[in-house]
Each structure stands twice: as C-alpha cells, then as structure tokens.
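Peer 1: Take a look at the following structure, please.
The values are calculated or read from the model by the stated rules, or taken from the named source; none is laboratory data. Since we're looking at a predicted model, the values are computed, not measured. Here the Cβ positions follow ideal geometry from the backbone for every residue, glycine too, while neighbour counts run over all protein chains shown. Note: accessible area is taken over every heavy atom of the protein model, side chains too, but ligands, DNA and RNA are not part of it. Shrake-Rupley method; radii C 1.70, N 1.55, O 1.52, S 1.80 Å.
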Amino acid sequence: MLKRRHNDGKVVTITVDGETVEARAGESVAAAVLAHTEGATRTTPVSGAPRAPYCMMGVCFECLMEIDGQPNRQGCMVRVTDGMSVRRQQGARDMETSS
Amino acid sequence: MSAAEFDMVIVGAGPAGIAAAHEAVNVGLTVCVVDEQDAPGGQIYRDVERVAMERAHDLDVLGADYKYGFGLVDGLHASKVKHFAGHTVWQIERDGTVWCSDGNKAKCIKGRRVMLATGAMERPVPVPGWTLPGVMTAGAAQILMKSAGMVPSGPIAICGSGPLLLLIADQLVRAGANIAVLAETTTFADYVRAAPHLLRALKAFDYLQKGMAMRRRIKAAGVKIVSGISALEVVGSEKAEGVSFKAGAKTHRIDASTVLLHQGVVPNTQATRQLRLEHLWHAQQHYWYPKTGRHGSTEAAAIYIAGDGAGINGARAAEAAGRLTALEVACSLDAISRENFDLKAAPWQSELDHHQAVRPLLDAMFRPPAEILNPPNDSTIVCRCEEVTAGDIREAARLGAPGPNQLKAFLRAGMGPCQGRMCGLTVTEVLAAAHGTSPAQIGAYRIRPPLKPLSLAELADMEAGDSDVTLGSPSSGP
C-alpha cells in the first residue's frame, strides 16, 4: 500500500468499485487506487490470480482497469479526473460493459 | 484532408526526444513530438514541471539530477515544436508515416524523417513470487514519487543491482520510507571484472563520486545492506509478505509488504522491432538493441534512433545523442551543410563521449545474474499475461519449439496484453539455454502493430488519412 508524503494538492473525487475515494490532481489512476487499497487491483483472465501494477510506466499491463466504462485501460497512463469511475477487473474484461 | 506533415517526427518526449526537437527547430526544421504521456520528460524527468512548480518538497527528495530535467522540458511549450502529448503511437512505417491515437481518435502523421526516442524499460525480474501484489520494479516506486509524491507505507525490500537501484534507495531514504533491506546481487567477482574499466571511467569521475555518495548516505541512514545475494524469492500467497535469499552460507528471510525489484534497464525495442530493423545482441548486458549507423541512422533511410532505445547510455548521453541525430537529420534534408554540421556537432559529441566513458565500467559491474536471465525454478512465471512458467518453456523446447515465435503456438507466451514486453528477453534466454545455443541465434518475438491496443472506435474515427495510406502496408506485414 502507498501513502502520500504530503496531503496538499487539489482533491479530486473518484469512485473505485462504487466507493468514493479522494485522490489528488495529477495522480495516475493506478497510484490513486494503490493509495486506497492493499493487495490486488485485478485478477487474471487465465487463473484468477491476484495482480497489481508492476512497472507504472505503461509496459507491463498489470494495471488494467475499467475507467469510465471502458475496460482494459492502463491505469498508470491515465490521470484522475473529478467524478471518474474506476472498476477493478476480475478475470477477462466484460464485453457487455465495453463502450 | 491529408495527414499532417513535418520535416521531423520524433516519437518520445524524454531527454533524447526533447533535445532533438530543440536542435531541429533551431536549424529551421518543422518538428513534432508525439508522446504517450500528457507532460514532457519521459520516465527520467516524469512530471518534472509539476513537481518543480507545485511540489518543492518532492524536488528535494528526487535530487539535482531530476531537477536538471526542468531546464530541458521548460522551453518546449514556448518553442515552435508541435507537441502531441497524450498520443500513443501504434504503428510506424519505414516511409515515415506514424499512426497514433489520443485515446478518442486515431491520427496519421507524416515525417520526412522519423526519430525514435522511445527510451528504456526496466529489465523484468522473473523470480518466484514476482507476480504477487506488492511487488514492483524499483523504477515504479520512483515514478510514484515523481508523479504522485507517494512512497510505500510498510517495510520495503529493495533487491537487485545497478546504479538506478542505489539512486532509488537513496531517494526513498530521503523520502522517509521504511527500508527493511537493500539486497544486492552484485558480487565481489563483479567488482573484480569491472576493475580494468576504471581508468576510462575516471574521465567521468562525477558519476563515480555520485555512486559512492549515495552508498554512504544509504549506509548512514542505518539501512541493512546485504551484498552478493542469490536464490531471491518473494514470499506470500495473496500478496507479498517478504523476501528470502541466500548470502554466503546463510539464508535470510525478511518481512516486507513492498518488494522492489531491479536488474538494470534495457532498450524498449517494440517500435524498432515493428519496423523490422536489424537488432543486435549485447552479450554483456543481455539485451537487444537496433543496429544504428552514423548518429542514429538506420537501414531505413527515413528512420533514425537516439537515446537509450538505441543502447543504454543514460539520460545525459541521450540528450547529446538526440541533438546529434537532429543535426544529422538536418544535414540529410540539406537544411545545414556538412561543414556546419561539424561545427554544431562538436560540443555535443564531446558531451556524449564524457557520458559514455563510465558505461563499460557499469556494464561490467552490474550484469544480471544467470538465475535472473534463465530462471532455474520450473514453476517461476516468465510470461505474466498468459501465466507461462520457465518449466513450460523448457518442456515446449523439448517438444521441438525452436524459437520465440513458434513458442507462441505452443504456449501463447508473449500473446497477452503486454505483447511480449515482460517475457521477451527471458523467453529468448530460456530457449537458448534449452537448445544449447546463444540468444543471438534464437532471436526474438516478431512485433506487429498495433504497438499498443486501440479500440475500434478510435480507428473508426480516424482523422485525415491520405487515400494512398492504407493500413497493413508492406512494411507492417508479417
């Protein structure tokens, strides 16, 4: 789990799996989720194993999340915005929710 | 409407890309920089503007070398450089056509010349347990400090080798993080092997001084340092709970909720592979790099490469190389004469020489250990996306899979969302060892567009697009 060294900065409110979470402007979605949750940020499509972001720079694809209804977004490459809705993916992405 | 056209399209806004853009604009070229991130700086100077202007406390933690990047990126907005920020490149053609998307709409840009400055990525570190939540690369922890001012809250185990490992440990110490152990795979034999390169490295004494100072500070902060470790494993079931490793005759088990792995950085070759450029194997550092000629030129006349994407030399060398490549491009477009080139290039060439002087020492000293290159434990996951283990790969080799591309048909290794970025090097090494040959002989995954996933909606909303530009043109074919 991660902590913010300082709590200044503009507060941005997002939801993570429906729960309201305060993030800070400029943070990536992956960072905001890691500051809020311990452990897995998704489970794998192959075996359902727990995973969390590994590289934070867009190459490992472990931070895949559903962001504002669009599945399989790289959470480390997208900055939080006010009112953003984030969902952790369980297994393969759901084709139904794809926009 | 036709595709936007520029004299020079630069892919990547790290030190090589930004420096090249400044230099190219100065000699009168029209330039655009396409970058995946919404702020310039690459990974090394990630978010440096935001940190410099809004988060001074993080600037102190990250140090002078990071702060230096502010001077480099600061001029970009005021310059004549067209900066396509937040644009992910998904295909590049040998004729200079670059396909990208801003996340909503795909776009086609044409460059008379294209310079790839796609930089480096950390070498993946396949050890038992490396897929557990709580395990990250050391660089990931640094990115969290840069982009979010965050540090891991629990005890941290930092494991591996390389100059970046020390830098990040030093930064975490300054950030007040709780470091349980700094466990280095570097052995005494590594230092002995590096010794002959010391004389040349003394030309870049500033690097050596920095390294020694970092080590002193980490020690002074009371961090437990263990050197010459092997048999590294991450312990835990649903998440990381600690690490175990051997040092000498002793086995250590240290509790940690965050494990940071690092074994140096390697060129990110996805784009150069997609272009089907020839790649060479760096026998000492065990990575692929694209073959380049004079100042980043390649076998494709319109394509140039600068910075760590052409071979690891570090950020300051990348900056000098970017400027040299921009001048070379200007020369090839007759924007400057060869005499003028020589005049302008001289200071950057000596700058590049200075920053390269330390590299043979570092390359000899910080070599990834054999057990990281070819994981001995059959159950260690190599392909994280498709959950393919080292044992699976060895078994497929025994059944006849000759190389990485045939292995896909056996195991789907390299066919998940990361497109082989995480497993490519390891698959090559494991297959080479299984077949008793060299990685250079075994080869690498064939990389096809799109380089990054894009939605059909983005493609359907494609802006512009010349009628003579069609998807799947010859250079992108299999």
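Peer 1: What percent does the relative contact order of the range B:1-113 come to when contacts are Cα pairs within less than 8 Å and at least six residues apart?
Peer 2: Values: 210 pairs, mean separation 37.2, N = 113.
Reported as a whole number, the value is 33 percent.
Peer 1: With a 1.4 Å probe and all protein chains left in place, how much of the accessible area of the protein assembly as shown comes from carbon and sulfur atoms, in whole percent?
Peer 2: Values: 11440 of 22040 Å².
Here carbon and sulfur together make up 52 percent of the probe-accessible area.
Peer 1: At 7 Å along Cα-to-Cβ for each site, give me the label-to-label distance between B:Ser438 and B:His354 in nm.
Peer 2: Output for this residue pair reads 3.6 nm.
Peer 1: Pairs B:Lys210/B:Lys291; B:Lys408/B:Lys452; B:Lys110/B:Lys452; A:Lys10/B:Lys219; B:Lys203/B:Lys344: which exceed 26 Å Cα-Cα?
Peer 2: Beyond 26 Å between Cα atoms: B:Lys210/B:Lys291; A:Lys10/B:Lys219.
Peer 1: Please compute, over every Cα-Cα pair in the range B:374-442, the percentage with a separation greater than 20 angstrom.
Peer 2: Everything past 20 Å amounts to 13 percent.
Peer 1: Name the residues of the range B:397-444 whose accessible area, probed at 1.4 Å, falls by at least 40 Å² once all protein chains are in place instead of their chain on its own?
Peer 2: B:Pro417, B:Met422
Peer 1: Given R₀ = 30 Å, FRET efficiency for A:Glu19-B:Asp38 by Cβ-Cβ distance, to 0.05?
Peer 2: 0.70
Peer 1: Can you check how the C-alpha radius of gyration of the range B:24-94 compares to 2.2 N^0.38 Å, as a plain ratio? Write out the running numbers ahead of the final one.
Peer 2: Numbers: Rg = 13.9 Å, N = 71, 2.2 N^0.38 = 11.1 Å.
Scaled against compact globular proteins, the figure is 1.25.
Peer 1: Another question, then. Setting aside same-chain residues fewer than 8 positions from B:Lys80, which aspartates and glutamates have a Cα under 17 Å from its Cα?
Peer 2: Straight-distance partners of B:Lys80: B:Glu5, B:Asp7, B:Glu23, B:Asp35.
Peer 1: Taking only the alpha carbons of the range B:95-199, what extent do you get along each of the three principal axes, in Å, biggest first?
Peer 2: 50, 41, 30
Peer 1: Cα-based Rg of the range B:1-127 per 2.2 N^0.38 Å, rounded to two decimals? Walk me through the numbers on the way to the answer.
Peer 2: Working: Rg = 15.5 Å, N = 127, 2.2 N^0.38 = 13.9 Å.
Scaled against compact globular proteins, the figure is 1.11.
Peer 1: Which value in deg cm²/dmol, rounded to the nearest 500, describes the helix-derived mean residue ellipticity at 222 nm for the protein assembly as shown, given -39,500 (n - 2.57) per DSSP H run of n ≥ 4 and division by the residue count?
Peer 2: Values: 20 runs with 186 residues, N = 577.
After summing the helix terms and dividing by the residues of the protein assembly as shown, the value is -9000 deg cm²/dmol.
Peer 1: I've got another one for you. In percent, how large is the relative contact order of the range B:200-353, given Cα pairs closer than 8 Å and 6 or more residues apart?
Peer 2: 11 percent
Peer 1: I've got another one for you. Suppose we compare each residue of the range A:25-41 in its chain alone and in the full protein complex with a 1.4 Å probe; which ones drop by at least 20 Å² of accessible area?
Peer 2: A:Gly26, A:Glu27, A:Ala31, A:Glu38, A:Gly39
Peer 1: Quick check: pseudo-label points 7 Å beyond the Cα along Cα→Cβ at B:Arg215 and A:Glu38, how many nm apart are they?
Peer 2: Going from the B:Arg215 label point to the A:Glu38 one covers 3.6 nm.
Peer 1: Using Stokes-Einstein with the Kirkwood hydrodynamic radius over Cα pairs, what translational diffusion coefficient do you get for chain A at 10 °C and a viscosity of 1.306 mPa s, in µm²/s rounded to a whole number?
Peer 2: This corresponds to a translational diffusion coefficient of 118 µm²/s.
Peer 1: As an exercise, use a Förster radius of 51 Å and the Cβ-Cβ distance of B:Ala457 and B:Asn340 to find the FRET efficiency, rounded to the nearest 0.05.
Peer 2: So, using R0 = 51 Å, E works out to roughly 0.60.
Peer 1: Report the equivalent ellipsoid semi-axes for chain B in whole Å, largest first, defined as the square roots of five times the eigenvalues of the gyration tensor built from alpha carbon atoms.
Peer 2: Rounded to whole Å, the semi-axes are 35, 28, 22.
Peer 1: Now, a different point. Volume per residue, Å³, of the convex hull around the alpha-carbon atoms of the range B:172-257? All intermediate terms of the calculation are to be shown ahead of the outcome.
Peer 2: Numbers: hull volume 10.2 nm³, N = 86.
Spelled out: Cα convex hull of the range B:172-257, divided by residues, is 119 Å³.
Peer 1: Averaged over its residues, how many other protein chain Cβ atoms are within 10 Å of peptide B:130-138's Cβ atoms? Don't skip to the end; give the middle numbers.
Peer 2: Details: counts 1, 7, 6, 15, 7, 5, 9, 7, 0.
Across B:130-138, the average partner-chain Cβ count within 10 Å equals 6.
Peer 1: In Å and whole numbers, how far do the C-alpha atoms of the range B:337-453 stretch along each principal axis, longest first?
Peer 2: Sorted largest first, the three principal extents are 58, 36, 23 Å.
Peer 1: On a straight-distance basis, which lysines could pair with B:Lys246 in a cross-link, Cα separation under 18 angstrom, same-chain partners fewer than 8 positions away excluded?
Peer 2: Qualifying lysines at Cα under 18 Å: B:Lys224.
Peer 1: What is the local net charge at B:Trp90, summed over the other residues whose Cβ is closer than 11 Å to its Cβ (Lys, Arg +1; Asp, Glu -1)?
Peer 2: +1
Peer 1: What fraction of the Cα pairs in the range B:264-361, stated in percent, has a spacing above 18 angstrom?
Peer 2: For the range B:264-361, the fraction of Cα-Cα distances above 18 Å is 48 percent.
Peer 1: Which whole-number percentage describes the relative contact order of chain A, with Cα contacts under 8 Å and a sequence gap of 6 or more?
Peer 2: Worked out over chain A, it gives 31 percent.
Peer 1: Okay, moving on. Output the antiparallel fraction of DSSP beta bridges having both residues in the range B:124-263, as a percent to the nearest 5.
Peer 2: Beta bridges within the range B:124-263, antiparallel portion: roughly 40 percent.
Peer 1: Using the Cβ atoms and a cut-off under 13 Å, what net charge is assigned to the surroundings of B:Trp348, where Lys and Arg are +1 and Asp and Glu are -1?
Peer 2: -3
Peer 1: I need the Debye-formula profile for the protein assembly as shown: one equal scatterer per C-alpha, no solvent, reported as log10 I(q)/I(0) at q = 0.10 1/Å, two decimals.
Peer 2: The Cα Debye sum returns log10 ratios of -0.83.
Peer 1: Further question on the same structure: What's the buried accessible area, both sides, between B and A using a 1.4 Å probe, rounded to 100 Å²? Walk me through the numbers before you get to the answer.
Peer 2: Values: alone 19840 and 5940 Å², together 22040 Å².
Approximately 3700 Å² gets buried when B meets A.
Peer 1: I'd like to check one number: the per residue accessible area of the protein assembly as shown, probe 1.4 Å, reported in Å² as a whole number.
Peer 2: 38 Å²
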